[in-house]
Structures are given as C-alpha cells and as structure tokens.
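One structure is given below, encoded as structure tokens.
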Amino acid sequence: MADPIKQFQIVDLFPIAKIGNTDIAFTNSAAFMVLAVGGITTFLLATTRRREVVPGRMQSIAELSYEFVANTLQTTAGKEGMKFFPFVFSLFMFILIANLIGLIPYAFTITSHIVVTLALSMSVFLTVLIYGFWKNGLHFFNLFVPKGVPLYILPLIVFIEVLSFISRPVSHSVRLFANLLAGHITLKVFAGFITLLGSLGIAGIIGATLPLALVVAFFALELLVAFLQAYVFAILTCIYINDAIHPGH
Amino acid sequence: MATTTTELTAQSTGAAAPFPPFNADTFASQLFWLALCFIFLLVMMWKVALPRIGGIIDNRLQRISGDLAEAAALKGQSDDAIAAYEKALADARARAQAIANETRDKQAAEADLTRKRLEDELNVKLADAEKTIAATKTAAMSNVRGIAADATKAIVERLIGKVPSDSAVDAAVADTLKR
C-alpha cells in the first residue's frame, strides 16, 4: 500500500541559492506555487483582455470571482475595507487555486503545509496589527475592552480577548492546513484500499468497488472543502480587517 | 544540504522520517517561494487584474444607468407630448363648445328680437283692426237705428194711418234695442 504521507514530501527539483546554512532550492512546492500564481494571473488577464460589456463565459468567471470577494469584504468590513481588496482577493484566489490544483492526482498541495498557511495567516495578523495601530493609535486596544461589561469581570474578559486575538493566526492557519491534510490523507488511504483489495483476485475486485465509491464521494466532498476553506480563510481575513478598521466592538 | 539528507532518510526509512509538514528543514525554502509568488500575485492583482475587472464592471454599470436615464428622459418627453396633445384637444373642445354656445345664444337673441318686433307689429295691426271694427260697428248700429225708426214709422203709419212723432219712435226703438 502506498504511503499516504508521501504526497506531502517536499522534493528539491534543482538548487537555486544558498543563504547562510540553508539551501533555497526550486522544489515541487515552489513549482506548484508558480503554477497557481501563474494560472490565476494568466486566467484573469486573458479572460478580461477584450473588456466586453456583455461578458462571455470566461470573462463572467473572472468578474464573478471579483464580485464575490468584493461583496464579502464590503459586507463584513464596509467601504473602508475595500483598501484591502487586492490583499483579500489574492489570498482567496491563491488558496482556492492551490486547493483545487492539489486535488489533481499526483499534484502537490501547497496548502497542506503548516508553514505556508501560517505564513499567510501571519501576513493577515500583521496587516491587522500594523494597520490597526497606524489608523487608531492606542484606541486599537478598545478591541480588547468590550462595552457594557461589569467592571469586576472586565480583567478576565480583557485577558480572554487578548488571548483569542493572539491565537487568531494559529486557528486561522491550522484550520486550513488540517482540513487539507486530513482530506488528502483520507483520499490516499481509501485509494490505497482499492489497489490492496484489487490484488486479491475476483472477490477482492468486487470488494474494491466500495472504497472506489467512497473515493468518488470523498473527492466531491474535498472539492467542496477546497472552496469552503478558501472562503473561510477569506471571510475570517475580512472580519479581522474589520477589527483593525473599527476596533470599538 | 540538510533538506537533501532528511529527504533521503524519509524515502529510505519511511516512518522514521519527520512528518513532512513538520519538517523544519523545508520551511525556509517554502517561505522564500511563498513570499516570492504571493507578492507577485498581489502586485499583479493590485496593479493590473483588479483595476481592469473593476473597470469593466463600472463601465457596464455606467452604461446601464446611462441607458436607463436616457430611457427615462425619452419617456418623460413622450409623456410631455401626450400631455400637450391632450391639453390641445381639451382646449379645442372647450373652444368649440364656447363657439357653439355663443352662436346659439346670438341666434336665440336674434330670433327673440324678430319675434318681438313681429308681435309688436301684429299687435298694432290688431289694435287698428279692432278700432276699425268698432267704428264700423258703431256706424252700422246708428244706421240700424235710423232704419229701424224709419221702418217703425212706416209700419205704424200703415197700421193706424197716422204718422207718429219722431220722438216717440226714437224712444220706442231705443227701448227695444236696450233689451
């Protein structure tokens, strides 16, 4: 049976540079990042090249993704939040396309690595922190002091608020990472059962239809998860950005 | 170097190797490529793709709202034209009514005038005629009295052979006519 963990292995394709003691090589992960980013950019630019007033199918997809993210951002963070539209849009598209490419057999899933999702969530966290202090100054601390809370439990509430704020990047990144990782391992395990049972003769081949059906069903679920996790990541980003813009609860 | 060795061990020994997502040796390269790719994507979206798509959508919205405004303006114009037409029609109707009324009143007044003149004339003629009739009647009556007196005188003369006096005859005629 194939090792279900092997799909997450990072393999050097060719070395690029050496910074200090660390090798910076062009890896399979890097290749799929380049593929995702190149794919998104090429698709959006190619489909909107003619700038048609009555859009064709492909231009509609580009416009749909634009309006989807724009509406999400505007409803959660308001008009001021639109400053961060390129950032949120890039995050959403990058995660969505990375998730979807990862579902192609033999493809590498960039977002199944905690360091990638943590880096993305840290970029959100730092954006919120820097913009929050830059825009609101010390009023940004209002975020941790909810209004209308009795004074005697206020220290506890503030402590909890600070803790939840600091743990945001962790939950933000682990949610995406764990979903993708678990989904891909499950797919691989069930797919492994097919070949395992299939090698046992006629009865095994008949028995193998069950894991095959499960893999098909699970793949559909994973498609949903791929979209949903990108959406969840984007909408949480919107909510955090809203906190940076309007820190008073 | 470290990356290659862990990979080699991972491939050869399987389970003993660190779980790939937690293999810290790959972090630096992943972060490097992620930063490179994501910043490229961000810049491309920010400076090229999103302004273009936003422009397309804005352009369409403007076009639609422009078309709607034009349609509304045209509808306003046609409404104005209909209102003007209806006003003209109502005016014309009112004027026609006024002219008809005026004409009828004038004609009625003229007819009244003519009738009154005719009536006056007829009344005058009637009065003349009545006067003539009365005169004729008076004259006829006095003639009748004369004839009656003469006849009475002649009858009495024939009956008694004596001519009665004029005064007695006149009294008798007058007495008879009074009855």
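The values are calculated or read from the model by the stated rules, or taken from the named source; none is laboratory data. All values reported here derive from a predicted model rather than from experimental measurement. Using ideal geometry, Cβ is built from the backbone for each residue, glycine included, and neighbour counts are taken over all protein chains shown.
Would you mind stating whether A:Phe84 is buried (at least 19 other Cβ atoms within 10 Å of the Cβ) and either more than 10 Å from chain B (Cβ to nearest Cβ) or in contact (Cβ under 8 Å) with a residue 12 or more places away in the chain (or both)?
yes
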Open item on the list: Looking at the stretch B:40-59 only, could you name the residues that are more than 17 Å from A:Phe84 (Cα to Cα) and either crowded, with 18+ Cβ neighbours inside 10 Å or over 60 Å from the mean Cα position of the chain (by Cα) (or both)?
Closed with: B:Ile56
Open item on the list: Would you confirm, using the coordinates I've provided, whether A:Met93 is in contact (Cβ under 8 Å) with a residue 12 or more places away in the chain, within 13 Å of another protein chain (Cβ to nearest Cβ) and under 30 Å from B:Ser29 (Cα atoms)?
Closed with: yes
Task: Test set (1) within 8 Å of chain B (Cβ to nearest Cβ); (2) out of contact with any Pro (no Cβ under 7 Å at 6 or more places or on another chain) - A:Ala25 fails condition number - done: (2)
Open item on the list: Quick check on A:Thr48: is it modelled with pLDDT of 95 or more and β-branched (Val, Ile, Thr)?
Closed with: no
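Results for (1) modelled with pLDDT of 95 or more; (2) in contact with a strand residue (DSSP E or B) (Cβ under 9 Å, 6 or more places away or on another chain); (3) surrounded by fewer than 19 Cβ atoms within 10 Å (Cβ to Cβ), shown as yes or no for each residue.
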| site | (1), (2), (3) |
| --- | --- |
| A:Val69 | yes, no, no |
| A:Phe89 | yes, no, no |
| A:Phe94 | yes, no, no |
| A:Asn99 | yes, no, no |
| A:Thr117 | yes, no, no |
| A:Leu126 | yes, no, yes |
| A:Phe133 | no, no, yes |
Task: Check on A:Thr42, of a type outside the set (A, V, I, L, M) and facing chain B (nearest Cβ under 9 Å) - done: no
- [ ] Check whether at least one residue in the stretch B:28-39 is surrounded by 10 or more Cβ atoms within 10 Å (Cβ to Cβ) and either away from every other protein chain (no Cβ under 14 Å) or acidic (Asp, Glu) (or both), and report yes or no.
- [x] no
- [ ] Considering every residue within the stretch A:127-145, establish whether at least one is out of contact with any helix residue (DSSP H, G or I) (no Cβ under 6 Å at 6 or more places or on another chain) and within 14 Å of chain B (Cβ to nearest Cβ).
- [x] yes
Open item on the list: If I filter the stretch A:179-192 for residues that are out of contact with any Phe, Trp or Tyr (no Cβ under 8 Å at 6 or more places or on another chain) and without any contact (Cβ under 8 Å) to a residue 24 or more places away in the chain, do I get at least one hit?
Closed with: yes
- [ ] Give the residues of the stretch A:18-42 that are out of contact with any strand residue (DSSP E or B) (no Cβ under 7 Å at 6 or more places or on another chain), without any contact (Cβ under 8 Å) to a residue 40 or more places away in the chain and either assigned to a helix (DSSP H, G or I) or hydrophobic (A, V, I, L, M, F, W, C) (or both), sorted by residue number.
- [x] A:Ile19, A:Ala30, A:Val34, A:Gly38, A:Thr41, A:Thr42
Task: Which numbered condition A:Leu13 misses (of (1) surrounded by fewer than 18 Cβ atoms within 10 Å (Cβ to Cβ); (2) more than 8 Å from chain B (Cβ to nearest Cβ); (3) more than 26 Å from A:Leu180 (Cα to Cα)) - done: (3)
Open item on the list: Looking at the structure I just gave you, is A:Val174 part of a helix (DSSP H, G or I), closer than 30 Å to A:Gln7 by Cβ and either modelled with pLDDT under 85 or β-branched (Val, Ile, Thr) (or both)?
Closed with: yes
Open item on the list: When you scan the stretch A:213-222, do you find a residue that is more than 25 Å from the chain's Cα centre (by Cα), surrounded by fewer than 17 Cβ atoms within 10 Å (Cβ to Cβ), part of a helix (DSSP H, G or I) and of a type in the set (Phe, Trp, Tyr), even just one?
Closed with: no
Open item on the list: Which count do you get for residues in the stretch A:100-115 that are of a type in the set (Val, Ile, Thr) and free of Cβ contacts under 8 Å to residues at least 24 places away in the same chain?
Closed with: 2
Task: Selection count, the stretch A:43-67, where residues are within 20 Å of the chain's Cα centre (by Cα) and surrounded by fewer than 16 Cβ atoms within 10 Å (Cβ to Cβ) - done: 3
Task: Residues (touching a helix residue (DSSP H, G or I) at 6+ places or on another chain (Cβ under 7 Å) and either among the basic types (Lys, Arg) or under 12 Å from B:Phe32 (Cα atoms) (or both)) located in the stretch A:7-33 - done: A:Thr22, A:Asp23, A:Ile24, A:Ala25, A:Thr27, A:Ser29, A:Ala30, A:Met33
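When the residues of the stretch A:60-76 are filtered to those that are of a type in the set (Gly, Ala, Ser) and touching a Ser or Thr at 6+ places or on another chain (Cβ under 9 Å), which remaining residue is farthest from the other protein chains (Cβ to nearest Cβ)?
Result: A:Ser60.
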